[in-house]
Every structure is written in C-alpha cells, then in structure tokens.
Amino acid sequence: MDNEQCLDNHSNTIIHIDVDCFYAQVEMLRNPDLNNVPMGVSQKRFVVTCNYIARSVGIKKMMLITEAKEKCPELVLINGEDLHDYRQYSYKITELLLHSFNLVERLGLDENFIDATSEVNKRLQVCEGNLDPVGNVFGDTSDLCDCGCTERLKMGAIIAQELRDKIKSELKLTTCAGIAHNKLLAKIAGSRHKPNQQTIVFPNSAVELMLSLPSLTKIPGLGQKLCKDLETLGITNLEDLQNCDLTQLSNLLGPEKARVIYDLSFGIDRSVVKTTGKPQSIGIEDSKHITAETEVTEKLHELLSRLLLLVAEDGRIPRTIRLTVRQTNKTSRLTVRESRQCNINPSLFNCKDISQLPEHNINKIMSIIMRLFSKLVDTQRPYHLSLLGLAFTKFLEKPNIRSTLTKFLYNNMEVQSITDIENKYDTGKNSPKDSSPSTSYFDNSDSDIEQSTKKSKMENIIARRRIQNSEDCESPCKLKVADLRLNSIEKSSDENQNVPCPPNADEKVFRELPNDLQLELWKEYKKSRERIEGESLIRTKKSKTNTILNYLVKR
Ligand code: TTP
Ligand code: MG
C-alpha cells in the first residue's frame, strides 16, 4: 500500500527507535568511568536525563538538581548545555537508518520512525513458515487479527532488532524499539520495556495499550494546553475522550483536529512517516539580559561563531539570515519576541570550511545582522533584551564541481525556490534606518544582501529547454542553476573567448553557458581524455555518469 494512505487497516509496519538515556549515553561514551556510577546530565537547574543506575534510585528526567542530589548525594552531574556531540550522534543514527530505509522521520534528537512496510512485504514473499516474535509483545495474543498483520509485525520486529544491533555495533548506543501498524502505537509500545529492549503491539491490543497510559498528556501530540482545553468539556482521562461527544469536541477544536484526537484515543493514527531531510533552519539562541549595544554586538558575534560551526557541520550554504530578539517594554512589562530576516549573498560563504570564514566576511555578516537589529530595536532609546537568537535558513547544497555537478543539477534536492525567497526578501519596503548605530560592524553597503532575483541567462536556457521538452523532468530548478553560477570558477579575460566545445556535447547549449562553466567542462573533458590516453583505460560507468560533461551530451 502507498505510504500516503496509512489507513488503520494494519497494512503498514512502522518501527519507532528511541535511544536509551540519550545524553547520558553520549557522556558515558566520552568518559567510560561514568558507566558504573549514578550520573545525570544537567542543564541550568535541571537533570535533563540520567543513566539507568541513577533511575534505579529514583532520579527522573527533568528533576530539579537540588531534589536529585537529595535523593542521591553521590549522583555525578555532567553539564549538557553544549548540544554539539548529542547532535552529532543524533544525525549519525538517522544516517545509519537511512542506509537501509528511505522513509525515516526524526522526532527530536533521539527518536526515529521507520516505515518498514515495503521491506517487510519483500521479505515475507520469500519467507516460509511461521515467525517467532522477537522481543516483547504487549497484551494478549490469543485473538490476533488474520489480515496478515501478525506476520508483518513479527517481520518488523526482526528488522527492528537488526537496526538496533547495527546502532549498537556502529555507534555503541543502546536503543528501544516499538513495532506496530502505525506511528502512535509504535512509539508508545517502545516505551513499555526499557532500556535496550523492543516491543511489538498487535492491533487487537491497541485500545489496551492506549488505556495503559497514565494520563491524556502522555498521548503523543497532546500537549498541556490541549489537555487543558479538553478539561472544559469534562474530558480528563482517556476513557472520557473515547466516550466524548464528537460534535462538542468538533465545536471546541474544529472537525479535523477533533477527529484526529478522538481516533488517537483508540490507537488509530493515520499520519505517515515523512522523511525529515536536513533541517530547514539552523539556529541558536541565548537568553541573557542585555541593555547595551556593545553587549549586543559581543553576544551576536559569539552566536554567529557558534552558528557557523553548526552550519559547517551541516555542509550546506545558507541563503537567509534571521535575527530574533525578545524585549520587554519597561512601562507595560510586556515581553515581545520578534524576528527579522534577509537574504544573504552566498558568496560570503565561499570558503572551504565555513567555520573558518575570514574576518572580513564575518564582519560583513555582522553588519547585516546589526542592520536587522536596528530594524527590530530602537537603539536611540533604552531597551531591555532578554533573548537574542540567530538562525540561517534556506540552504543550498554545496556542489562539488568535479564530481557531483550533474547530480546537483538533476537531483530533486530540498532547496527553496527563488520565489519563496523573494516573498521574504527584506530590503524592499523596510529599508535600513539612516541612523547607524555606533558599531564597526555597521556599514551601509547592500552588496552582501542579495538583491537580484532576476532570472539569469542560464536559468532562461534551462527554463526554455524545460518547456521545449516536456519529458525533461530532471531539469534543474532555478536556484540550483543560480548556485551553479555562484560556485563556478572565476573567469579571466582570456578564458572568456573561444572555449572549445567538447566533442559529443550539445554545442548549442554549450555556447549559451557562462564562460566559466564552459571552461570547466572543457577542462574536465581534457582531463578525462588525458586519463584515458595515459592509462589506456576505458572510462568506468561510474565516472561517466558523474561528469558534468555528460549533462550536455546529446541523448
Ligand atoms: P528522551 O528520549 O525523553 O529521554 P532519554 O533518551 O534521556 O531517556 P529514555 O531512556 O527514557 O529514552 O529525551 C532525549 C534527550 O533529550 C535526553 O537524553 C535529554 C534531552 N531532554 C531534554 O533536553 N529535555 C527534556 O525535557 C527531556 C525529557 C529530554
Ligand atoms: Mg530516549
């Protein structure tokens, strides 16, 4: 069945994987001495998580440090405010899962849903005999459904075990898994037996599993606020929700939301596993109290440096920068959180390692940030900030011009279209104020704020080709081409003329390309010819598909 139609007819097999005491495990990997002592990870005044030794003496997630220390004076606390290593592990886990499955959805840092439906069906086609359930089974198994879901979920459990073993052997992390025919049940099932275990829930036990939840807030997706709203209808527990008047619920929440929540109470969840992909924004915030401009620049500079590290790890090039401030009005005591963003010239990140940007580029980015700041905060009057945040959004994939340009042109990568960027473009109506704050970062040049969204010649060529050939569904989107231009090599005046067209390339298209790209193609052609001549080897199939030259070769 299609992933889009995740109906509650038990066709799908979903696996939910959650890392055991995630931050604590990462800390224990860093320092194995912590393996055999009660330890917790702290952030501000809280123990955000702790290992299972600490849990055995009553320490709980999100316990106040004071309370935890009272309960267990020998508790070792590690500061976990720097999320860097946790993030690294988090992405490694998702990446590992993506090696085996296309449909992997991240939830927070340590949870992933996997839609294993097609793999399960494939394996079952060649599987003979009954399968034994691997791991725990929730509920009664005497009256199982005969639609085929029993065998599918058992196969799902075999796959879950394989994935958990792989995470353990490659990343040294233990995990829990839940296996069910939908995401809701898989997530709840996984939490039944912890740590380092897995649990299947068959559809006949769905309602029992839901009723085993201690409160409404434990239903994934129902926050405190929604539960408070439900209380106004007298719905305070799961049975209340199952027996509620759907019309009243619809009046309160709207018909769609009401139906979703009502169904959840019976273990019915039609949501599908969506591949998360890379994050749409990478941001960082600090909730320090600030009242002076020097502190603002200092803090933003610090945030920018930390943010560049994260962006460097991500590997993409940001297109937009967003500044967030939270300020309190002294008189009204009202706290307002506001953001402003603008496009940023990607060439500012033209550096092998974004975390090592030259000072000059950093200063340019800072000047853009300070300009955004002056739009958000009236710097001529006293102000009181309680939070500053920076984020990069709308990323471009960083092309490796030698080997992945074709891929870059063809792949349907997750990049924002220029149209989207235009809509949020932030230099039109809201031009910067004339009065510049007294900061060295502040200059009035707009050169690094990207102005032009006009179609490039190349974009037009591609667009034309696209229209001409309706089958050309692989044509690159505008932005990919624009990026291609930005990242292609600088041209010299000599190189502008008469770049030979490689044989077999479509000369008409070749001639319409920018010179720098023509030159790159020619160089690549020459290189590959030299290689063939020198080594008298025939090009491998792989290198053939990877060359940019092939993009232009007539088909
Ligand atoms: P969880 O998966 O909820 O907790 P956990 O992995 O530590 O423990 P468990 O074995 O029960 O799965 O959260 C993942 C990480 O997120 C956790 O290690 C610490 C962090 N975290 C917070 O920062 N704030 C929170 O409120 C919670 C619950 C967790
Ligand atoms: Mg966890």
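Pairs with C-alpha atoms separated by more than 19 Å, drawn from the list Lys122/Lys154; Lys172/Lys278; Lys278/Lys394; Lys92/Lys172, are Lys172/Lys278. Using only side-chain charges placed at the Cβ, +1 for Lys and Arg and -1 for Asp and Glu, the dipole size of segment 213-264 relative to its Cα centre rounds to 200 debye.
Coordinate range of the alpha-carbon atoms in segment 213-264 per principal axis, descending: 26, 18, 18 Å. If you keep only loop residues by DSSP, which trypsin sites (Lys or Arg not before Pro) in segment 345-376 have at most 14 other Cβ atoms within 10 Å of their Cβ? Passing both the DSSP loop test and the Cβ count: Lys352.
Qualifying trypsin sites (Lys or Arg not before Pro) in segment 277-325, where qualification requires a DSSP coil assignment and no more than 14 other C-beta atoms within 10 Å, comprise Lys288. Neighbours of Asn237 by Cβ distance under 11 Å: Lys/Arg scored +1, Asp/Glu scored -1, total -2. In terms of other Cβ atoms within 10 Å, Cys127, Cys21, Cys72 run from fewest to most in the order Cys127, Cys72, Cys21. With equal scatterers on the alpha carbons only and no solvent term, can you work out the Debye log10 of I(q)/I(0) for segment 281-403 at 0.09, 0.12, 0.21 1/Å? Each listed q maps to, in turn, -0.26, -0.45, -1.17.
Coordinate-derived values only; no laboratory data. Every value quoted in this text rests on a predicted model; they were computed, and no experiment measured them. Using ideal geometry, Cβ is built from the backbone for each residue, glycine included, and neighbour counts are taken over all protein chains shown.
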